[in-house]
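Notes to accompany the following structure.
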Amino acid sequence: MNESPRARVRRFLESHDSRAARAFAWFIQLLILASLIATGFETRPVLSDQDWRILKGLETFTVLVFSVEYLVRIWSAKSPLRFALSPLGIIDLLAILPFYLSLYVDFRSLRAVRLLRLARLLKLVRYNTAIRRFLEAFRLAREELTLFLCVVIVLLYLAAMGIYHFEHEAQPDKFTSVFSSLWWAVATLTTVGYGDVYPVTVGGRIFTFFILIIGLCIVSIPSGIFAAALTEARDKEMRADQTEVRDGED
């Protein structure tokens, strides 16, 4: 069955089943990384005119390529509106939006908008198999991770209440309330321990010991959950590839 031009272009952009398609995917990934590195160089306090012209030239070339890619994806999509409103379509738009905004608005007054250029990093999701597998693992483990997050939030609040009980009278300037004690709870339960706020009473130190033990246990739980999800995501990907091969042989 003959494919329409739109279908051929869509398959070229999405399937990466040919050498040309894979080369294009690598080109886009390298362009994304180069543009992000250039964004970092733009923050240097002193830039020569030549450096500035090179950075602006790279930015212009990058945006032109991304703009053409975005328009082609909209043209080749089965439903252009659905693609434009999809997460990947919005990411593609955000990747080029700051450049066009800068043509009309001074970026010195829109420093927050420059952060939108970091959306280009999210474009790697479409082209990088490892990142797609990473996101698939998050999707598979989202219920377990959500439950774990809820438990952590409860433990943080209980830890803040406990340390406030032990330390408020000894350090009223540092543990003024349960909510101000949350910083200590976060630093301790995550085993970071910045040392800017610490217990001085015997009860507070004993309490901190148990919180640290709980924190060490907590750190290992999401690692196991996510490792299992990554394995499942890889198995699903391999099964899908085997199905495609059998369908091609048929």
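The values are calculated or read from the model by the stated rules, or taken from the named source; none is laboratory data. Just so it is clear, the model here is predicted, and its values are computed rather than measured. No Cβ is skipped: glycine too gets one built from the backbone with ideal geometry, and neighbour counts run over all protein chains shown.
Any residue in the stretch 205-222 that's of a type in the set (S, T, N, Q): show its pairings with residues that are surrounded by 16 or more Cβ atoms within 10 Å (Cβ to Cβ) and not in a helix (DSSP H, G or I) at Cβ separation under 7 Å, as long as the two are six or more apart or on different chains.
208/199
For residues that are more than 25 Å from residue 38 (Cα to Cα) and either among the basic types (Lys, Arg) or in a loop (DSSP other than H, G, I, E, B) (or both), scanning just the stretch 53-103, find the one that is nearest to the chain's Cα centre (by Cα).
Once the filter is applied, the top-ranked residue is 86.
Taking residue 37 as the residue in question, decide whether it is within 26 Å of residue 59 (Cβ to Cβ) and out of contact with any helix residue (DSSP H, G or I) (no Cβ under 7 Å at 6 or more places or on another chain). Working first, answer last.
On the way: within 26 Å of residue 59 (Cβ to Cβ): yes; out of contact with any helix residue (DSSP H, G or I) (no Cβ under 7 Å at 6 or more places or on another chain): yes.
Yes: the conditions hold for residue 37.
Could you check how many residues of the stretch 37-60 are loosely packed, with under 15 Cβ neighbours inside 10 Å and either in contact (Cβ under 8 Å) with a residue 24 or more places away in the chain or outside the structural domain of residue 119 (by TED's automatic domain parsing) (or both)?
Step one: of the stretch 37-60, the residues loosely packed, with under 15 Cβ neighbours inside 10 Å are 37, 40-41, 43-54, 56-57, 60.
Subset that is either in contact (Cβ under 8 Å) with a residue 24 or more places away in the chain or outside the structural domain of residue 119 (by TED's automatic domain parsing) (or both): 60.
Count: 1.
Residue-by-condition table, conditions (1) surrounded by 12 or more Cβ atoms within 10 Å (Cβ to Cβ); (2) modelled with pLDDT under 75; (3) out of contact with any Phe, Trp or Tyr (no Cβ under 7 Å at 6 or more places or on another chain):
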site: 78; (1), (2), (3): no, no, yes
site: 84; (1), (2), (3): yes, no, yes
site: 91; (1), (2), (3): yes, no, yes
site: 112; (1), (2), (3): no, yes, yes
site: 136; (1), (2), (3): yes, no, yes
site: 145; (1), (2), (3): yes, no, yes
site: 166; (1), (2), (3): yes, no, no
site: 170; (1), (2), (3): yes, no, yes
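Restricting attention to the stretch 134-190, report how many residues are among the aliphatic types (A, V, I, L, M) and either touching a strand residue (DSSP E or B) at 6+ places or on another chain (Cβ under 8 Å) or not in a helix (DSSP H, G or I) (or both).
So in the stretch 134-190, the residues among the aliphatic types (A, V, I, L, M) come out as 135, 137, 140-141, 145, 147, 149, 151-156, 158-161, 163, 170, 178, 182, 185-187, 189.
Subsequent filtering for residues that are either touching a strand residue (DSSP E or B) at 6+ places or on another chain (Cβ under 8 Å) or not in a helix (DSSP H, G or I) (or both) retains 141, 170, 178.
The qualifying residues number 3.
Restricting to the stretch 1-37, name every residue that is in contact with an Asp or Glu (Cβ under 9 Å, 6 or more places away or on another chain), within 17 Å of residue 95 (Cα to Cα) and not polar (S, T, N, Q).
Passing the criteria: only 28.
So in the stretch 140-155, with the set limited to residues that are touching a residue at least 40 places away in the same chain (Cβ under 8 Å) and not β-branched (Val, Ile, Thr), which one is nearest to residue 14 (Cα to Cα)?
Residue satisfying both the conditions and the ranking: 140.
Which is closer than 27 Å to residue 122 by Cβ, among the small types (Gly, Ala, Ser) and outside the structural domain of residue 14 (by TED's automatic domain parsing), of 187, 160, 137, 170?
Values: 187 fails: closer than 27 Å to residue 122 by Cβ; 160 fails: closer than 27 Å to residue 122 by Cβ; 170 fails: closer than 27 Å to residue 122 by Cβ.
On inspection, the qualifying residue turns out to be 137.
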